[in-house]
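The values are calculated or read from the model by the stated rules, or taken from the named source; none is laboratory data. Because the structure is a prediction, the values reported are computed rather than measured. Positions of Cβ are generated from backbone atoms using ideal geometry, with glycine treated the same way; all protein chains shown enter the neighbour counts.
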Amino acid sequence: MRLFAYLVLSLVSISVWADEPISLGRRRELFVDNFLVQSLNGDIGLVLHQPKPQEVILVTDKPWEGNTCAYYTFFQDGEKFRVYYRGSHADEKTQKSQHPEVTCYAESTDGIHWTKPELGLFDWEGSKANNIVWRGVGTHNFTPFKDPNPNAPAKSRYKALASGSGVGNGLYAFQSPDGIHWELVQEKPVITKGAFDSQNLAFWDPNTGLYTDYHRTFTNGVRAIMTCTSEDFVNWTDPVLLTYPEGTPNEHLYTNAIRIYPRAPHIRIGFPTRYQPKNSQVEPIFMSSRDGLHFNRWNDPVIPIDAPEERDGNRSNYMANGLLQLPGSRDEWSVYATESYYDGPDSRVRRFTYRLDGFTSLHAGKEGGEFISKPFVFEGDQLILNYRAAAAGEVLVELQLADGTPVDPFTLDECHRLTGDDIAQVVSWKQGDGLIRYAGKPVRLRIKMRNADIYSLNFRLLE
């Protein structure tokens, strides 16, 4: 589903020349912002897309779970998928907690069918036949990840951040050799500046060689997001607030679900959950960043409260922390979101699917329009588009010199029309072999399109 409002820069002509050509290389670029945009003319702009709802994949129906289970974290670990979440339950009328919070665990081989293994680790009412993976400080929002840092010791191959149940307390660091048996790294919190009653997360960033954290705080009267970094997961820099373009609404952001985008690791994406105090409703939105600090945020929800099944109640529509590519689904991402919080004896998690790179797109309507890129330098001899052309739609591409001079024979007139739908379509011209002649030289793209979307582009070497 495509969302209907263009980003601020759409349907107008933009003329902001970069001082130096962008060093694009063979890097994949998504149309999540105006990074590549020199000008847009006609019925064309950047649009937001909504994921498609799929099946319910998890029901929290165990005695130690309940209707306020929350803060789900999904990730792939080899051929296995893992999810961690809070087990908790509240009285449906008073909303008061009915049993102690625990951290639960489930696993899957396909990301759709999940099992809750009897781990035998922690007692629940006289039995250890449960999927409880942690009890103690941090069960409110235990958020783990598998650490790809090649220097991480075996005992801390898995790491997590978590806080107590209050707003204060700070974030504690956890480690595990197997993702099942956990221990505190130290007895005191490692991050203390913030307000931590949320899904606070961290990950290893191979681009910087640092651990990066994103956690909750309060500023200007609203819930907001802070970030800090660490070399060792114990000693962290002083957190700083995320920033947004001028005019971005000052809204409560409860969780953040920020991560490196795997297909373009220089880009970070996030699905913060917007909280509305007047009715306690929540809805996830989308944002992206190129430096991890300054984010472009879209205003419309990616999963609206009228999506399938009980999402309009108090805190009933959180986006989980996770982005999975499931077996046999090379052309899509799976994300997960909650429903039916507080409403019944249990709550649920539903899977949603995005097209690969399909969070946003460069979209042209039926009247058509043109995109001109900023000057860039590329490597390779093939231009690849992830695109879709609807009925009577088309995409045509022209290579130009940095000053706008068309490069023969890579012109619009010589371009083979792109129709249909492909996640990795090679752009070709009637006599257009030898694109590599322009590799390393400042060039730009002119794209003429109608009834079509382009989600990403990249250059590559001929296969």
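Couple of notes before you dig in:
- The requirement of being out of contact with any strand residue (DSSP E or B) (no Cβ under 6 Å at 6 or more places or on another chain), surrounded by fewer than 15 Cβ atoms within 10 Å (Cβ to Cβ) and within 25 Å of Leu253 (Cβ to Cβ) is fulfilled nowhere in region 130-148; no residue meets it.
- Residue match in region 291-301 (condition: within 24 Å of His140 (Cα to Cα) and surrounded by 13 or more Cβ atoms within 10 Å (Cβ to Cβ)): no
- Restricting region 1-43 to residues that are among the charged types (D, E, K, R) and part of a loop (DSSP other than H, G, I, E, B), the residue that is modelled with the lowest pLDDT is Asp19.
- Residue check for Ser280: surrounded by fewer than 17 Cβ atoms within 10 Å (Cβ to Cβ), more than 13 Å from the chain's Cα centre (by Cα), over 30 Å from Asp110 (Cα atoms) and not hydrophobic (A, V, I, L, M, F, W, C): yes
- Of the strands (runs of 3 or more DSSP E) lying entirely inside region 280-352, the ones with 1 or more residues being over 18 Å from Ile57 (Cβ atoms) are found at 281-284, 287-289, 295-297.
- Here region 197-225 is the region considered, the condition is being in contact with a His (Cβ under 6 Å, 6 or more places away or on another chain) and not charged (D, E, K, R), and the residue that is surrounded by the fewest Cβ atoms within 10 Å (Cβ to Cβ) is Val222.
- Residues of region 378-413 satisfying the condition of being in contact with a helix residue (DSSP H, G or I) (Cβ under 9 Å, 6 or more places away or on another chain) and in a strand (DSSP E or B): Phe378, Gln382, Leu383, Leu399, Leu401
- Test: residue in region 125-136 that is at pLDDT below 95 and not hydroxyl-bearing (Ser, Thr, Tyr): yes
- For Ser334, the stated conditions hold: it is in contact (Cβ under 8 Å) with a residue 60 or more places away in the chain and either touching a strand residue (DSSP E or B) at 6+ places or on another chain (Cβ under 8 Å) or not assigned by TED's automatic domain parsing to the domain that holds Asp421 (or both).
- Selected residue [under 30 Å from Glu79 (Cα atoms) and more than 14 Å from the chain's Cα centre (by Cα)] from Leu253, Leu326, Leu293, Leu242: Leu326
- Hey, His181 modelled with pLDDT of 95 or more, under 21 Å from Tyr85 (Cα atoms) and in a strand (DSSP E or B) or not: no
- Considering only residues in region 245-263 that are within 26 Å of Asp147 (Cβ to Cβ) and among the β-branched types (Val, Ile, Thr), the one that is surrounded by the most Cβ atoms within 10 Å (Cβ to Cβ) turns out to be Thr255.
- Of the residues making up region 37-62, those that are under 24 Å from Asp331 (Cβ atoms) and of a type in the set (Lys, Arg) number 1.
- Ala173 at pLDDT 95 or above, buried (at least 20 other Cβ atoms within 10 Å of the Cβ) and more than 29 Å from Ser316 (Cβ to Cβ): yes
- Only listed residue being closer than 28 Å to Val222 by Cα and either more than 23 Å from the chain's Cα centre (by Cα) or not in a loop (DSSP other than H, G, I, E, B) (or both), chosen from Phe196, Phe145: Phe145
- Residues of region 61-110 that turn out to be at pLDDT 95 or above and of a type in the set (Lys, Arg), as a count: 4
- Boolean, Leu242 is surrounded by 21 or more Cβ atoms within 10 Å (Cβ to Cβ), touching a Leu at 6+ places or on another chain (Cβ under 7 Å) and among the hydrophobic types (A, V, I, L, M, F, W, C): yes
- For region 419-458, the set of residues classified as charged (D, E, K, R) and either more than 20 Å from Leu36 (Cβ to Cβ) or out of contact with any Pro (no Cβ under 8 Å at 6 or more places or on another chain) (or both) consists of Asp421, Asp422, Lys430, Asp433, Arg437, Lys441, Lys448, Arg450, Asp453, listed by residue number.
- Qualifying residue in region 114-125 (condition: of a type outside the set (Lys, Arg), exposed (fewer than 13 other Cβ atoms within 10 Å of the Cβ) and either touching a helix residue (DSSP H, G or I) at 6+ places or on another chain (Cβ under 8 Å) or assigned to a strand (DSSP E or B) (or both)): yes
- All of (1) touching a Ser or Thr at 6+ places or on another chain (Cβ under 7 Å); (2) closer than 25 Å to Thr243 by Cβ; (3) in contact (Cβ under 8 Å) with a residue 60 or more places away in the chain hold for Arg297 with one exception: (3).
- Within region 422-447, the only residue that satisfies the criterion of being within 31 Å of the chain's Cα centre (by Cα), among the charged types (D, E, K, R) and over 18 Å from Asp403 (Cα atoms) is Asp422.
- When every residue of region 323-330 is checked against the conditions, none turns out to be among the polar types (S, T, N, Q), over 13 Å from Thr273 (Cα atoms) and surrounded by 17 or more Cβ atoms within 10 Å (Cβ to Cβ).
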